[in-house]
Each structure stands twice: as C-alpha cells, then as structure tokens.
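The values are calculated or read from the model by the stated rules, or taken from the named source; none is laboratory data. Not measured: the values here are computed from a predicted model. Every residue, glycine as well, gets a Cβ built from its backbone with ideal geometry; the counts of neighbours run over all protein chains shown. Surface areas here come from the heavy atoms of the whole protein model, side chains and all, with no ligands, DNA or RNA. Shrake-Rupley method; radii C 1.70, N 1.55, O 1.52, S 1.80 Å.
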Amino acid sequence: MFERQGAGGYKPGLQTTETLDGYYGHPHHRYQTIHVAGTNGKGSVSHALASILRESGLRVGLYTSPHLVDFRERIRVNGEYISEQYVVDFVKNLLPSLSGEGAGERLSPSFFELTTAMAFKYFADEQVDVAVIEVGLGGRLDSTNIITPMLSVITNIALDHTQFLGSTLAEIAAEKAGIIKRGVPVVIGEATPETRPVFEQKSREMDAPIFFAEEFEMPTPLPDFELKGAYQQKNLRTILCAVAQMKSEEFRMKNSITRPNVLPSLLGEGSGERPSIGGLGLSGRWQTLREQPLVICDTGHNPAAWEYLAPQIAAQTCRQLRIVFGMVDDKDLDTVLAMLPKNAAYYFTQASTHRAIPADRVAEKAAAHNLHGTTHKTVAEAYRQAFADAAPDDFIFVGGSSYIVADLLSSNQFITK
C-alpha cells in the first residue's frame, strides 16, 4: 500500500477498480456522490460536507484516507465507522476470487483499490442517500474516479507527489482536473495564474459549470467551524461555496437528493442561531490534546501546509515552544525546515514506517537551518521527553507527517499526567 511502501505501492489506473465494481454490481450507482480532490484540505472539506448533509437529514457515507489509528476511520456512515465484522467478511468472501475465480482473477488489486471497492459496496448495503468520496492521490487515475458525482470539489494545488503527478502546478492541476465530469458542476477552492486556465479549459471541454471559491461572497455571520487551524479559513470558503451550489435552483432540479425539505436546513438556516459546522470526527487538524502544557498536533506534511502552520505555531504565547518533528522520505524536508521557528526546542523523531526519514538525518539537516534539539527513535519517546521538559505554560507542537501524529495518537502518550 502506498502509505507503507511509497512509490512501490502506487498503482494508477481505473481498470481494476472498474472490474471489481462490476463484480459487486456497480454499487455506487445506488446513491449520489460528491467527489473531493486537492493537494491539501480535501479531508477537512470532505468531513465538513458529510457533516452538513448529515445534519440536514440525509444518510451520508464518507470515504477518506489515510487513517491515523484505526483502518475503519476511512469508511463511515453518519459518522459511525464500518464494523470490524464487515471488513473481515468482505476480505474473506473476496479471497476465492483473488485465487482464481471471478473478479479478482489476475487483477492483483492494490490495498487502495480493495478499500475503495469495499467502501462503495458498504455504502450501498447501508442504503446511504449520498456519499462524500475523497480522492486518494491525484484524480484522473485515482481508483475513486469511476464515479459520476453530483458535485466535484478541488481544494487547491501545490507541489506534492511530483513523482506521480508532475513537476509543475499546471501538470498537477491537470491530473486533479481529471475528476471533472461532463455537465457536473465543480468548485475550485484556490486557483493560481498557473492552475486557473487548466481548470477553465477542462470545464469547457466537459461543459461543466465552474465556480471559484475565492470569488464567492462569504455569508454573515460566518458559521462556527469546528476545525481551528489558520488554513481552515480557506477550507471554510470552499465548503460554503460548495453548499451554495447545492442550494441553487438549477442544482436542485437536477439532483433529487436536494429535495426541498433538506436544502433549507443546510448550515442551520432558519434556526435563528448562528450556524455551525461540527461533529466532524476528524483528528489531527490543529487538534488540542491537553491544556497545561498546551499540546497540539497537526498532520500538515508539505510546504503548502507549513506556510500556514509555521506562523500559527510562532504566534502562540508561551514560556517555551517545544516541537516534536519528523517527516517521510517523499516530502520536501529542507523547504519545511526553512519555515520552522528558530526559538523552539526541537525533539527530532521518526514515525514507525520505513518511509520515515531517520531522526538523526532530520536533526543534521535541521542544524543547517539553525534548528537544534535532541533525537529520539520513536514518537512516544520524543513526546515523553518534551512533556517532561515542559512547564505548565509551555506549548508543545507535534507534527511534520500524518505518521508522526498517528504514532502519537496510537501511543496515548498525550494523556500522561
């Protein structure tokens, strides 16, 4: 799987997924979908849209990746994880076909292809009204791209996964624009002079109405958004622009899911209260783990994310800033290190994946940026030391990779008294 193996686990293309989908009777045809792609923010946007639709009275599936602690985080209905028994039964029942009978013959499906097939079947079995589907990687060749959604969303474009998607913003935008389907409206969260023409051209080719969130007039008052990272304001604009399209008369006429008794309740309109977007069940996005000392973790793992994280971390009022930090080997370590605050005490570490950059190598590169600290073989060890060194009015930040956050949450170290 890509999360564990890196490039060796990446398998682009739709043929295997389409074959598996046919084997299960094309389950995604039994409900409507929203498709969400982008470099950063797609998990936050997907969770928020699912929450809004659920609060509006719909039965909602949510498919995201990667998970942090429990595989079942990836597949949910109305916020509840897929059951362990369903996962076990799905795998057990598929094994005969993988050994030579039916859909799996000679397919050698990847982890993500099997998980996508499982999610689509589960949502049909659970009779969801709509499923919010997050792209795994890219868009055009991603396993999820067999769907024809009622709405597509592309959050933003940044230089990440360049070995798969291209070395320029325009090339990466073209891959992600591959989710734009004929006649299906698309919301673009952020565009640049290099990416906007790509999206506009693709939308013209597909006769797909296109909406740029940066041109969307934000409502007053703004909803109270559960996610508090500085970068979430960009995501909030994308979410609200997407909701606005779902509430349009043309969209309502085309998509039966947006029946009249549902749309007025989106974002709590008519309740007389400030609307809110909560109940997301999303971990690792500027997540507060304790108060004294203040401990926050975040899964931001590339320069685009750290453009927001670094100043937000530096702006925290504290006696001493302490950062538990590590990254994996396909990320731009030097660019991120150049953004990190110089006045922090660092605890360099490595996640429990062979893709992790060794802690001593991270520390060596960090020293060239005038960042200094200690090295630790595990995230739990690094956090324990940071916690032991901290005074009640210190600030501990844990991040650099989804895997760093996953190791912390799995270890339960943050509950240390």
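Heavy atoms of the protein chains alone define the surface here; on that basis the chain has 42 Å² accessible area per residue at 1.4 Å probe size. Karplus-derived 3J(HN,Hα) values for segment 340-353, using 6.51 cos²θ - 1.76 cosθ + 1.60 with θ = phi - 60°, are 6, x, 7, 8, 8, 8, 9, 10, 6, 8, 9, 6, 7, 9 Hz; glycine and proline are entered as x. Nonpolar atom fraction for the chain, defined as the carbon and sulfur part of the 1.4 Å probe accessible area, stands at 49 percent.
Amide H to amide H, with H built 1.01 Å from N, Leu294 comes under 5 Å of Asp394, Ile396, counting only residues 5 or more places away or on other chains. Give, as a single signed number, the net charge of other residues whose beta carbon lies under 12 Å from the beta carbon of Ser411, with Lys and Arg counted +1 and Asp and Glu -1. Counting the neighbours of Ser411, the net charge comes to -1. Protection proxy ranking for 60-68, 334-342, 301-309, using the average of other Cβ atoms within 10 Å per residue and placing the highest first: 60-68, 301-309, 334-342. Measuring against 24 Å, Cα to Cα, the residue pairs Lys342/Lys365; Lys228/Lys254; Lys42/Lys377; Lys181/Lys254; Lys42/Lys342 contain Lys228/Lys254; Lys42/Lys377; Lys42/Lys342 as the ones spanning a longer distance.
Screening the chain for whole DSSP H helices of 18 Å or more along their axis (Cα) with average Kyte-Doolittle hydropathy at least -0.5 returns 42-55, 84-98, 111-125, 232-246. Across segment 342-417, the mean sequence separation of Cα contacts (distance under 8 Å, 6 or more residues apart), normalised by length, yields a relative contact order of 31 percent. For the pair Ser248 and Glu215, label points projected 7 Å from Cα toward Cβ lie 1.1 nm apart.
In terms of the Cα gyration tensor, with a ≥ b ≥ c the square roots of its eigenvalues, is segment 324-365 rounded because a/c is under 1.5, prolate because a/b exceeds b/c, or oblate? It comes out oblate by the Cα gyration axes. Rounded to two decimals, the Cα radius of gyration of segment 290-417 over 2.2 N^0.38 Å is 0.93. In this rough spin-label picture, where each label sits 7 Å from Cα along the Cβ direction, the Gln127-Glu194 distance is 5.0 nm. With the convex hull of the Cα atoms taken as the outline of segment 116-227, the averaged projected area works out to 8.7 nm².
Note on Lys331: aspartates and glutamates with a C-alpha under 14 Å away, same-chain residues under 8 apart excluded, are Glu3, Asp160. Computed from phi, the 3J(HN,Hα) profile of segment 31-38 under the Karplus parametrisation 6.51, -1.76, 1.60 (θ = phi - 60°) reads 8, 8, 9, 10, 10, 10, 10, x Hz, with x in place of Gly and Pro. Relative to its residue count, the chain spans a Cα convex hull of 145 Å³ per residue.
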